[in-house]
Structures are given as C-alpha cells and as structure tokens.
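**Student:** For reference, the structure I am asking about is given below.
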Amino acid sequence: MKVTIVGAGNVGATCADVISYRGIASEVVLLDIKEGFAEGKAMDIMQCATTTGFNTRVSGVTNDYAKTANSDVVVITSGIPRKPGMTREELIGINAGIVKSVAENVLQHSPNTIIVVVSNPMDTMTYLTLKATGLPKNRIIGMGGALDSSRFKYYLSKALDKPSNDVQGMVIGGHGDTTMIPLTRLASYNGSPVSNFLSQDVLDKVAADTMVGGATLTGLLGTSAWYAPGASVAYLVDSILNDQKKMIACSVLLEGEYGQEDICMGVPCIIGKNGLEEIVDIKLDEKEKALFAKSADAVRAMNGDLKSVLA
C-alpha cells in the first residue's frame, strides 16, 4: 500500500515516520516544493530502519507528482501559517489556492486515491477540496477530530490520574479553538461515565483546556505542535489502509446529518478501505445540538471566503 504526504514539514514528516515504524504502508512518498527538503527528511527516516526495525520504503521528491502515482491515500499538509497582520480572508485565499492545486495534481497520477486534508483552516480546506475535485464524499476526509479527541483524552486522563488508553472520549464540531465540542457527557473511564469520578467544574476545565490545546502548545513551543498531529494522521490512514472500521471524529460532508447541509465538519465516522463508510448518529442533547449549530455557523462563515477560489 502506498501513501503520499504532500508537505514535508514537521507534521508531514512525523506522519511519515509513524507510518513507517508502525508498518502501516509499504511505501511512503514525501513531496515538498522546497528543493531537497523532502529528500532529506526521507533519508533521515530511512536511516532509522535498522535501529527501529521497519521495512517501509520512504522516499522524498521536490514537486514531482509523477512519483506519487498510484497512491492509495494522499495526505495534504501544505499551506502557510497565519502571519502577523494577515487577515483570515488572506490566509484562506492563499491556502485554498495551494490545497486546490495539490489536489488537482495528485489526482492526475492517483485518480482513485482517498484524500486526507490536514491543512488549516481544516474544515474549510476539506470543503474546498471536495468542491474543487468533484470526488464523492467518502474520498475526502478532514483530519482534526482525531487530534482534538486525543488531546481531550489526555486532559481527562490527567484529571482522573489514570492511563489515557483507559479513557474514551470524542470531540466533534469545527476544528478550531472556539468551534470544537468536547463531549464530556459521553466520555467514559473503562465503561463508566467520567462524571462518576469528576465534578462538573473539573469537566468544564477539561473541555476548556482541550479547546485551546493547540494554542497552549504553540505558546510553549513557539510554533505549532507536530508529534500528536502527525500521529493522528497516521492513525486515520491506518484505519483506511487496513480497513479497520474504527470510529473516528472526522470532517466530512454533511447532507442533513446533525441538522446541517453542504458543510464539512467533525462528526463520528466509520473509517475503512472506502474512506468514509458511515456517519454515526450519536444522540446529542439540546445543549450539544445548540453548540453544534453555533459551530456550523462559524465554519460556514469561513467557507464564504472560498467564493473567488471556487468561481
């Protein structure tokens, strides 16, 4: 199985690294526009093969999409971060142009691929990719919910003082500091609701910490995080390539689900060999429904800035 990762920065390279040492794919191609950058990252990863014991073949290329041919999954991490003085509209305009071009190029060589969008603003870039390519909705998946849910479970485990792997929880809604919805009501510790162990005040703090999880790391690191984002992408790719049918919160096109139409947002999805295989209808309470609708309004407002790109 072959995976192409477009963008060999920290997130893309970490994704390639995790896919390799976990043996998720037999071949990974890293592609970047910066001369020699992807080649160097790929070489560095391959020099870990004998010490970590993996057999995945990792290669790097500079803007040569022919080398990505016949990829089963393509991950798009391309784009620029928001710079001081840059408006949201400017950022969306630049990244939309980049993501649209990347999607068109990869499809020339891998017409049957499943595309995983990581570029920010992720929900809007997922929607753009869907509309620009005309692909069926099952083949365009935005990765944000897997990362947000991982951070949610981390904060829950800290509050419980229990292992993260014993905690279940999910974050839905938009992939943003003010739009994501950590579902504290449904979170559990080994099958028991976390509300049996944590007060509402603590759960509210867990949710708040989750929502600013990315910003917290940016403040500490001076740049965006990459280990958890890269690993979260690899987790999603694993479920696709190995047809694992995992339930993962992903940004996908909604056509009436959760009361929304013509928008890509994070919802519980069954992910398998066909990409999106099912949108799971979990029963939200009235407060959660209201939060989801508010999140959708914010995402839809950002999508409005795509008009010139999609025209």
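The values are calculated or read from the model by the stated rules, or taken from the named source; none is laboratory data. Computed from a predicted model, the values in this text were never measured in an experiment. Positions of Cβ are generated from backbone atoms using ideal geometry, with glycine treated the same way; all protein chains shown enter the neighbour counts. Just so you know, the surface numbers come from the protein's heavy atoms only, side chains and all, with ligands and any DNA or RNA stripped out. Shrake-Rupley method; radii C 1.70, N 1.55, O 1.52, S 1.80 Å.
**Student:** How far, in nm, would the chain grow between Thr133 and Ile80 when pulled straight, counting 0.36 nm per residue and subtracting the alpha carbon separation?
**Tutor:** Result for the pair: 16.9 nm of gain on full extension.
**Student:** While we're on this one: Which residues does the label zone of Lys158 cover in the range 213-246, counting backbone N under 14 Å from a point 7 Å along Cα→Cβ?
**Tutor:** Within reach of a label on Lys158, which here means backbone N under 14 Å from a point 7 Å along Cα→Cβ, the range 213-246 contributes 213-221.
**Student:** Could you give P(r) for the range 163-217, binned at 5 Å from zero, as whole percent values over all Cα-Cα pairs?
**Tutor:** P(r) over the range 163-217, rounded to whole percents: 5, 20, 28, 25, 16, 6, 0.
**Student:** Hey, another quick one. With charges set only on the Cβ (+1 for Lys and Arg, -1 for Asp and Glu), what does the dipole of the chain come to about its Cα centre, in debye to the nearest 20? Write down the numbers at each step before the final one.
**Tutor:** On the way: 28 positive and 33 negative charges, 44 e Å.
Dipole magnitude for the chain comes out near 200 debye.
**Student:** Something else: Work out how much length Ile33 to Asn242 would gain on full extension: take 0.36 nm times their residue separation and subtract the Cα-Cα distance, in nm to one decimal.
**Tutor:** Taking Ile33 through Asn242 to full extension adds about 72.3 nm, to one decimal.
**Student:** Something else: Under a 10 Å cutoff between Cα atoms, tell me which one of Gly145, Gly93, Gly176 has the largest fluctuation in the Gaussian network model of the chain.
**Tutor:** Fluctuation is largest for Gly93.
**Student:** Now for a different question. Rank Met302, Val194, Gly219 by how far each Cα sits towards the positive end of the charge dipole of the chain (+1 on Lys, Arg Cβ; -1 on Asp, Glu Cβ) and give me just the farthest.
**Tutor:** Gly219
**Student:** Here's a follow-up. For the chain, report the % of Cα-Cα distances exceeding 28 Å.
**Tutor:** 36 percent
**Student:** Short version: ³J(HN,Hα) in whole Hz for each residue of the range 34-43, in order, from phi by Karplus 6.51 cos²θ - 1.76 cosθ + 1.60 (θ = phi - 60°), x for Gly and Pro, what are they?
**Tutor:** With the stated coefficients, the range 34-43 comes to 7, 4, x, 5, 5, 4, x, 4, 5, 4 Hz.
**Student:** Then there is this: Using only Cα atoms, locate the centre of the range 128-175 and the centre of the range 1-35, then give the distance between them in Å, rounded to an integer.
**Tutor:** After rounding, the separation between the Cα centres reads 20 Å.
**Student:** Angle between the Cα long axis of helix 10-21 and the longest principal axis of the chain, 0 to 90 degrees, nearest 10?
**Tutor:** 80 degrees
**Student:** Next up: When you count, for each residue, the other Cβ atoms within 10 Å and take the mean per peptide, how do 161-170, 195-204 rank with the highest first?
**Tutor:** Those peptides, ordered most packed to least, come out 161-170, 195-204.
**Student:** Order of 70-78, 101-109, 49-57 by packing, highest average Cβ count within 10 Å first? Spell out each step's value before the answer.
**Tutor:** Values: 70-78: 24.2, 101-109: 17.8, 49-57: 12.7.
For the peptides 70-78, 101-109, 49-57, the packing ranking is 70-78, 101-109, 49-57.
**Student:** For the chain, modelled as a Gaussian network with Cα springs under 10 Å, which listed residue fluctuates most, Lys246, Lys283, Lys131?
**Tutor:** In this elastic network of the chain, the residue with the biggest mean-square fluctuation among Lys246, Lys283, Lys131 is Lys283.
**Student:** Continuing with this model, one more query. Give, in nm to one decimal, the length gained when the segment between Thr52 and Phe197 is fully stretched (0.36 nm per residue of separation minus the Cα-Cα distance).
**Tutor:** Details: separation 145, 0.36 × 145 = 52.20 nm, distance 3.92 nm.
Result: 48.3 nm gained on full extension.
**Student:** Which of rounded, prolate, oblate describes the range 45-193, given a ≥ b ≥ c as roots of the alpha-carbon gyration tensor eigenvalues and a/c under 1.5 marking rounded, otherwise prolate only if a/b is larger than b/c?
**Tutor:** oblate
**Student:** Farthest toward the dipole's positive end in the chain, which of Gly97, Leu183, Met1, given Cβ charges of +1 (Lys, Arg) and -1 (Asp, Glu) about the Cα centre?
**Tutor:** Met1
**Student:** Report relative contact order for the chain in percent, whole number only (criteria: Cα-Cα under 8 Å, sequence separation at least 6). If you can, show how the numbers build up before the last one.
**Tutor:** Values: 639 pairs, mean separation 55.7, N = 311.
Relative contact order for the chain comes out at 18 percent.
**Student:** Just the accessible area for Ser232, please: 1.4 Å probe, Å², rounded to the nearest 10?
**Tutor:** Approximately 10 Å² of Ser232 is accessible to the 1.4 Å probe.
**Student:** Another one. Using alpha-carbon positions, what is the distance between the centroids of the range 261-278 and the range 284-311, in Å?
**Tutor:** A separation of 16 Å, based on Cα centres.
**Student:** Is the shape of the range 114-184 rounded, prolate or oblate, going by the alpha carbon gyration tensor and its root eigenvalues a ≥ b ≥ c, with a/c under 1.5 for rounded and a/b larger than b/c for prolate?
**Tutor:** Since a/c reaches 1.5 and a/b is larger than b/c, the shape of the range 114-184 is classed as prolate.
**Student:** What nm distance separates the two modelled labels at Asp297 and Thr178, each placed 7 Å from Cα along Cα→Cβ?
**Tutor:** Between Asp297 and Thr178, the simple spin-label model gives 1.1 nm.
**Student:** Here's another thing I want to ask about it. So for the chain, taking the charge dipole from beta-carbon charges (+1 Lys/Arg, -1 Asp/Glu), which of Val280, Ile19, Gly144 sits furthest toward the positive end?
**Tutor:** Ile19
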